[in-house]
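Report on the structure given below.
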Ligand code: DSN
């Protein structure tokens, strides 16, 4: 029996992914091996507990898969302990907070409006409801985090936990300085490396491992694994972290996804991954240079990592209008607040662009310049449907030269 209705949806999504230029900074294309592990029979298993200590029988192979993922994560990120069970980044951060804090403790973290994450203390999120939050942000002049200012706030507020990490920050994060400040004020340091995990593995960004008490990450962004997350930590926090994940906030782990994390961690340990990671940054710089040449204003003036934050205030349209127009042209981005934005999150002044997905498809610097020119054309003609359609034709041609899963041919699912 075939579910024709859903098969149609899945084929259509393959077509959409194949025929569009994906600049969502948090997305990527996992390998077929990762996708196969996701859809493996481990999806059928229940295994509350941890390897060697499960509540259900029949976990020999679930244990082996989870142990592989744990061993690989520890080796790759050079950490004492890894918990590979968190279903996503939010529960990973939640478990880390529960492990390190009591209810009502104070957290110092990056403001969502300046590039932080919802789970870093936003009022509408559990983190902002259960803990007292104080924020640091970026400087108005530079668009960058000023470590002296972070230190001043930390000394004044004396938080129990400092969170370093972001979802829309185009610059390198100085984990070492965060570590020093945390030590000085007697706080724990949590680094949320969800966006940059793949860059850290590839040597393109400073690793927080020597400085952080706990490191959380998703596994599907620059790391290019399955949708999911992990928590890594120093030995002394291992028990508390494991207890916070299970039975604290999760029940049965997703064994198929854990297997896929093991695959992704293996792939990330291969020499090609370093090249891919370097190319992500080269591509982001090439796109940033092109956009500047085309008169765009970039927050912080450029990028050190995989993402670019464009402030469209000088272009006469909002981030929402830009993302809708770009989608018509086959270019997929997300609207984004820019620091000190005077607009709202649902109609902000900016867009966020990232290069991991295109890098996986083999785009190089010269391709990124072309992408920048197409973005510019689309923004200049954002109200002209036929112009956007013509650009979409160009996008399809470019995409054809970079097949999503070349091994699978045209109907790859
Ligand atoms: N939604 C993710 C992002 O796009 O950055 C963060 O959770």
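Note on the chain: with a GNM built from Cα contacts shorter than 10 Å, the maximum mean-square fluctuation among 346, 77, 98 falls on 346. Using every pair of distinct Cα positions in region 18-88, the Kirkwood expression returns a hydrodynamic radius of 14.5 angstrom.
Applying 0.36 nm per residue to the separation of residue 373 and residue 314 and subtracting their alpha-carbon distance, the gain on full extension is 19.5 nm.
Taking the chain as a Gaussian network of alpha-carbon nodes connected by springs under 10 Å, the highest mean-square fluctuation of the residues 61, 211, 29 belongs to 61. Label zone of residue 102 (point 7 Å out along Cα→Cβ, amide N under 15 Å): in region 132-168 this covers 132, 160-161.
Modelled this way, with points 7 Å down the Cα-to-C-beta line, the labels at residue 365 and residue 126 are 4.5 nm from one another. In region 291-367, the C-alpha radius of gyration followed by the widest Cα-Cα span (Dmax) gives 12.5, 37 angstrom.
May I have the convex hull volume per residue, in Å³, for the Cα set of region 96-165? Working shown, then result.
Details: hull volume 5.5 nm³, N = 70.
Enclosed volume per residue, from the Cα hull, is 78 Å³.
In µm²/s, what is D for region 1-137 at 25 °C and 0.890 mPa s, where D = kT/(6 pi eta Rh) by Stokes-Einstein and Rh is the Kirkwood radius from Cα pairs? In µm²/s, the coefficient is 130.
Relative protection proxy for 155-161, 303-309, from highest mean packing down: 303-309, 155-161 (other beta-carbon atoms within 10 angstrom).
In deg cm²/dmol, rounded to 500, what helix-only [θ] at 222 nm does the chain give when every DSSP H run of at least 4 residues adds -39500 (n - 2.57) and the total is split over its residues? Each step should come with its number before you reach the end.
Details: 15 runs with 175 residues, N = 413.
The helix contribution divided over the chain gives -13000 deg cm²/dmol.
According to the calculation over all Cα-Cα pairs in region 220-323, the P(r) per 5 Å bin from zero is 2, 10, 13, 12, 14, 11, 11, 12, 8, 4, 1 %.
Compactness of region 258-299 was expressed as the Cα radius of gyration divided by 2.2 N^0.38 Å, which yields 1.71.
Could you work out Rg/(2.2 N^0.38 Å) for the chain, with Rg from alpha carbons only?
Working: Rg = 21.4 Å, N = 413, 2.2 N^0.38 = 21.7 Å.
Expressed relative to 2.2 N^0.38 Å, the Cα Rg reads 0.99.
Three semi-axes describe the equivalent ellipsoid of region 185-249; taken as square roots of 5 times the Cα gyration tensor eigenvalues and ordered largest first, they are 21, 17, 8 Å.
Each reported figure results from applying straightforward, stated rules to the coordinates on display, with no laboratory input. This one's a predicted model, so the numbers in the text were calculated from it and none came from an experiment. Note that we place each Cβ from the backbone using ideal geometry, even for glycine, and neighbour counts take in every protein chain shown.
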